[in-house]
Amino acid sequence: MVDLEKLERICGAPGISSFEQEIGRILEEEYRELGLICQKDGLGSVIAVKCGDRPGPKMMIAAHMDEVGFMVEAIDENGFLKLRPVGSWWSHLVLGQWYTVVTRDNGRYPALMGSMATHGLPAEIRNKTVSMEDVYLDLGVENREEVLALGIAVGDMVVPWTHFEVMQNRKYVSCKAFDDRIGNYIMLEAAKRLRDAAHTPLYLANTVQEEPGLRGARTAVEWSHPDIAFAIDTTLAGDTPANQNICSLGKGVVLSMIDSNSIAPRKLVRYVEGICEKHQIAHQYAVFNKGGTDSGNIHKAFDGVLNMTLSIPIRYMHTNHSMIHTDDVEACIRLVCELVKDMSGEIFERLL
Ligand SMILES: [Zn+2]
């Protein structure tokens, strides 16, 4: 069973790339309750080590803590905010949505992404996408001074605002930031289920700054120096009229074969498939030439790290309201637990 209350808390924390302190603190607190102390690398990734002194290959699991959002770029004289996207956004999807501006003193202010009125819109404007350069955030103030008085400044973080919604079929849930807070949740839940198990050394890395280019993974892999590593992330589901591909919500954990910056080694894919089959864990596949995960920087570390990505299919990725299926989350947690329990020096040698 997915703990929806915990998931809501994890997704709710504001945290674009380089602003991951609050979500990091929440995760540290959760790991502490499981008896695990987290450590941080120099960029701020939060890493929990379990069974660090035991024999066996070191296994790293990585999921990024940052969410997509914006940074305040300028405040105009009428009090409207110009924004710089952090992570990829499609301007089509931001107009008319709610956002939260978070100040350096943790002040939080709701604001609307302004848009043109539909009335009298010429066809050439109606039929094209607004440039991100023309997008602005409206706090509902009279002028720049009122914005400054709130403590809002250039460089502040702007995050999507949404509510956590359990859908009509209660296995479907919608919220912001499932990319990739669902990965943080899965690692936490796996650590909980493995609490009393003795297994290969495990490094659970909650990484920073994935969205602008997998930066946290580069340092977290140095810190952990694993022999084998899995990234857990979300992958685009193609089961709606808007997106079509081979991944669907509710069909299981996704074994990602290829994306824009990593290809899963065949022997490792076969091994993970075998674990899924042995434990009757629902699984499906993704074969993409776009997108990327922390794996992109993990597999190239040192003289090469055996690595692949396990994904949760997601609808409406990089929007204010993404959607996932709890059966896929449960399948991924079970797979992670079985992979950790199964790993040994002998198995690792066979995978090389
Ligand atoms: Zn993403």
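The values are calculated or read from the model by the stated rules, or taken from the named source; none is laboratory data. Quick caveat, the model's predicted, so the values are computed rather than measured. Here Cβ is always computed from backbone atoms with ideal geometry, including for glycine, and neighbour counts include all displayed protein chains.
Which of the residues that make up the stretch 46-69 are within 26 Å of Leu268 (Cβ to Cβ) and within 16 Å of the ligand (Cβ to nearest atom)?
The answer is Ala62, Ala63, His64, Met65.
Out of all the residues in the stretch 298-306, is one or more basic (Lys, Arg), assigned by TED's automatic domain parsing to the domain that holds Glu211 and either more than 18 Å from the chain's Cα centre (by Cα) or modelled with pLDDT of 95 or more (or both)?
The answer is yes, given that some residue of the stretch 298-306 is basic (Lys, Arg), assigned by TED's automatic domain parsing to the domain that holds Glu211 and either more than 18 Å from the chain's Cα centre (by Cα) or modelled with pLDDT of 95 or more (or both).
Select the helices (runs of 4 or more DSSP H) contained entirely in the stretch 287-351, then report the ones holding at least 2 residues which are within 16 Å of the ligand (Cβ to nearest atom) and either over 25 Å from Pro14 (Cβ atoms) or aliphatic (A, V, I, L, M) (or both).
In the stretch 287-351, the matching helices (runs of 4 or more DSSP H) lie at 295-298.
Identify all residues within the stretch 50-68 that are of a type in the set (A, V, I, L, M, F, W, C) and closer than 24 Å to Ser18 by Cβ; write none if there are none.
Met60, Ile61, Ala62, Ala63, Met65, Val68
Given the conditions (1) outside any loop (DSSP other than H, G, I, E, B); (2) among the basic types (Lys, Arg); (3) touching a residue at least 12 places away in the same chain (Cβ under 8 Å), which single one is not true for Arg270?
The number of the failed condition is (3).
I'm checking my understanding of the structure. Among residues of the stretch 107-144 that are basic (Lys, Arg) and touching a strand residue (DSSP E or B) at 6+ places or on another chain (Cβ under 6 Å), which one is surrounded by the most Cβ atoms within 10 Å (Cβ to Cβ)?
Going through the qualifying residues, I end up with Arg144.
Restricting attention to the stretch 276-293, does a residue exist that is at pLDDT 95 or above and at positive phi?
Checked against the condition, which is being at pLDDT 95 or above and at positive phi, the stretch 276-293 yields at least one hit.
This table checks each residue for (1) polar (S, T, N, Q); (2) not assigned by TED's automatic domain parsing to the domain that holds Arg9.
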position	(1), (2)
Asp138	no, yes
Arg170	no, yes
Tyr203	no, no
Val208	no, no
Pro212	no, no
Ala231	no, no
Thr234	yes, no
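Can you tell me how many residues within the stretch 275-286 are touching a residue at least 40 places away in the same chain (Cβ under 8 Å) and assigned to a strand (DSSP E or B)?
Total meeting the criteria: 2.
Starting from the stretch 37-50, keep only residues that are surrounded by fewer than 17 Cβ atoms within 10 Å (Cβ to Cβ), then list their pairs with residues that are β-branched (Val, Ile, Thr) whose Cβ atoms are within a distance under 9 Å, requiring at least 6 positions of separation or different chains.
Correct list of pairs: Ile37/Val49; Gln39/Val46; Gln39/Ile47; Gln39/Val49; Lys40/Val46; Lys40/Ile47; Gly42/Thr219.
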